[in-house]
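Below is one structure, written out as structure tokens; the observations come after it.
The values are calculated or read from the model by the stated rules, or taken from the named source; none is laboratory data. Keep in mind the model is a prediction, meaning the values are calculated, not measured. Neighbour counts are summed over all protein chains in view; Cβ atoms, including those assigned to glycine, are modelled from backbone coordinates with ideal geometry.
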Ligand code: KG4
Ligand code: ZN
């Protein structure tokens, strides 16, 4: 049995988790997620405030995760910590703390790519999930369509040209004066909206060649902005606008992912990242590929930023014999490890 401590501080959640793996099956012994609500006051994450809040909470959060799991440092087999991408000051807090603990306890250390963490999240609840599959990772900072022939080997099929999918939800929520983060409020409001009231463009849908897997969300956001300005009664139109936006965004995400799954002949589709909390996205994806593929998405607590997914990805790397050394640094532009060469992946931020 291997027991891994995971630490995640890339954005506005301070999180720690203890994960045990027995004969390949994960068991989550503890998970603590402390969300920094201060950012709601500013309508978005304020990096300086995020770093300070992480600094205040990192020790009690890790202590609590160890206590909840009923273990001490000496009972761990390794420490996995998010090394990037993310807010550099925020990353530094978790990384420095993880490094210090590993040094003190003489434990192997592994730096984890935040998006690889999101990719591993569904394995926590579905240990049977295994490649080959196509994965759509959609968060506040990234939109990545990946082909995964095996764990640790990733072909980046497409990403966004401008705004990330989650960022689009957040920006549209701001236009509709719904506060931050925008995804959950838009999803809720969209349920009351009339799908026929606004029909927004489906950006890049139907694009050919390498762009068939490319996303773009800033034009969609501009279309919503125009509709908001033209609205004579925003209070009455808000739900319809949310519905129109969400339908457009989800259709593009679902269609491109289904196209990739079809093209590469896979029977498994993985959805990950904060936007994968969206039930409509998960349901529509499931319906779209139902004849030939199964869709895996973690529950919301494991889809938004958390340390359990970092422990899961870290545990896999540690089991492969991968180790980070003490020179491990936080990086806001960390490339995904294991990218298959010769793809648009080389440009990944
Ligand atoms: O993965 P995540 O927790 O943090 C980053 O790595 O960025 O993703 C956060 C993003 C935010 O943009 C948030 O609005 C979005 O995920 N999100 C959602 C939903 N819940 C969170 N987007 C759409 N529908 C949701 N239900
Ligand atoms: Zn994330």
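Residue 103 passes every criterion in (1) more than 14 Å from residue 5 (Cα to Cα); (2) in contact (Cβ under 8 Å) with a residue 12 or more places away in the chain apart from (1). Taking the numbered list (1) without any contact (Cβ under 8 Å) to a residue 24 or more places away in the chain; (2) farther than 29 Å from residue 121 by Cα; (3) not in a helix (DSSP H, G or I) in turn, residue 265 passes all entries but (2).
Pick from the range 268-278 the residues that are surrounded by 24 or more Cβ atoms within 10 Å (Cβ to Cβ) and near ligand 1 (Cβ under 7 Å from one of its atoms): which of them is farthest from residue 137 (Cα to Cα)? Filtering the range 268-278 for residues that are surrounded by 24 or more Cβ atoms within 10 Å (Cβ to Cβ) and near ligand 1 (Cβ under 7 Å from one of its atoms), the one farthest from residue 137 (Cα to Cα) comes out as 278.
Just so you know, in the range 36-56 the residues that are in contact with a strand residue (DSSP E or B) (Cβ under 8 Å, 6 or more places away or on another chain) and farther than 16 Å from residue 114 by Cβ include one that is surrounded by the fewest Cβ atoms within 10 Å (Cβ to Cβ), and it is 36. Selection of the range 304-323 for residues being outside any loop (DSSP other than H, G, I, E, B) and touching a helix residue (DSSP H, G or I) at 6+ places or on another chain (Cβ under 7 Å) yields 308, 309, 310, 312, 313, 316.
Name the residue, out of 281, 339, that is farther than 19 Å from residue 19 by Cα, within 16 Å of ligand 1 (Cβ to nearest atom) and touching a strand residue (DSSP E or B) at 6+ places or on another chain (Cβ under 9 Å). Before you say what the answer is, go through the steps one by one.
Working: 339 fails: within 16 Å of ligand 1 (Cβ to nearest atom).
When all the criteria are applied, what remains is 281.
Among residues of the range 40-54 that are part of a loop (DSSP other than H, G, I, E, B), those with a Cβ under 9 angstrom from a residue that is surrounded by fewer than 15 Cβ atoms within 10 Å (Cβ to Cβ) and at pLDDT below 95, sequence gap 6+ or separate chain, pair up as 43/179; 46/38. The residue of the range 6-27 that is farthest from ligand 2 (Cβ to nearest atom), among those that are outside any strand (DSSP E or B) and either in contact with a helix residue (DSSP H, G or I) (Cβ under 7 Å, 6 or more places away or on another chain) or in contact (Cβ under 8 Å) with a residue 60 or more places away in the chain (or both), is 24. When 113, 118, 126 are screened for being away from ligand 2 (no atom under 16 Å from the Cβ) and in contact with a strand residue (DSSP E or B) (Cβ under 8 Å, 6 or more places away or on another chain), only 126 passes. Across the range 105-116, the qualifying residues are those that are in contact with a helix residue (DSSP H, G or I) (Cβ under 7 Å, 6 or more places away or on another chain) and assigned to a helix (DSSP H, G or I), and the one among them that is surrounded by the most Cβ atoms within 10 Å (Cβ to Cβ) is 116. Applying a threshold of 7 Å to beta carbon distances and a minimum spacing of six or more residues, or different chains, the list of pairs starting in the range 277-300 at a residue that is closer than 15 Å to residue 188 by Cα and touching a residue at least 24 places away in the same chain (Cβ under 8 Å) and ending at one that is part of a loop (DSSP other than H, G, I, E, B) and within 16 Å of ligand 2 (Cβ to nearest atom) reads 277/304. Taking strands (runs of 3 or more DSSP E) as the structural unit, those lying wholly within the range 117-230 and holding at least 2 residues that are within 16 Å of ligand 1 (Cβ to nearest atom), surrounded by 15 or more Cβ atoms within 10 Å (Cβ to Cβ) and modelled with pLDDT of 95 or more correspond to 133-138, 143-150. Residues in the range 58-68 that are more than 12 Å from residue 90 (Cα to Cα) and touching a residue at least 40 places away in the same chain (Cβ under 8 Å): 61, 62, 64, 65, 66, 68. Of the candidates 98, 78, 70, the single residue that is touching a helix residue (DSSP H, G or I) at 6+ places or on another chain (Cβ under 6 Å) and either away from ligand 1 (no atom under 16 Å from the Cβ) or at pLDDT below 95 (or both) is 78. Based on this model, can you work out whether residue 261 counts as in contact with a helix residue (DSSP H, G or I) (Cβ under 7 Å, 6 or more places away or on another chain) and within 16 Å of ligand 2 (Cβ to nearest atom)? Spelling it out, it is not the case that residue 261 is in contact with a helix residue (DSSP H, G or I) (Cβ under 7 Å, 6 or more places away or on another chain) and within 16 Å of ligand 2 (Cβ to nearest atom).
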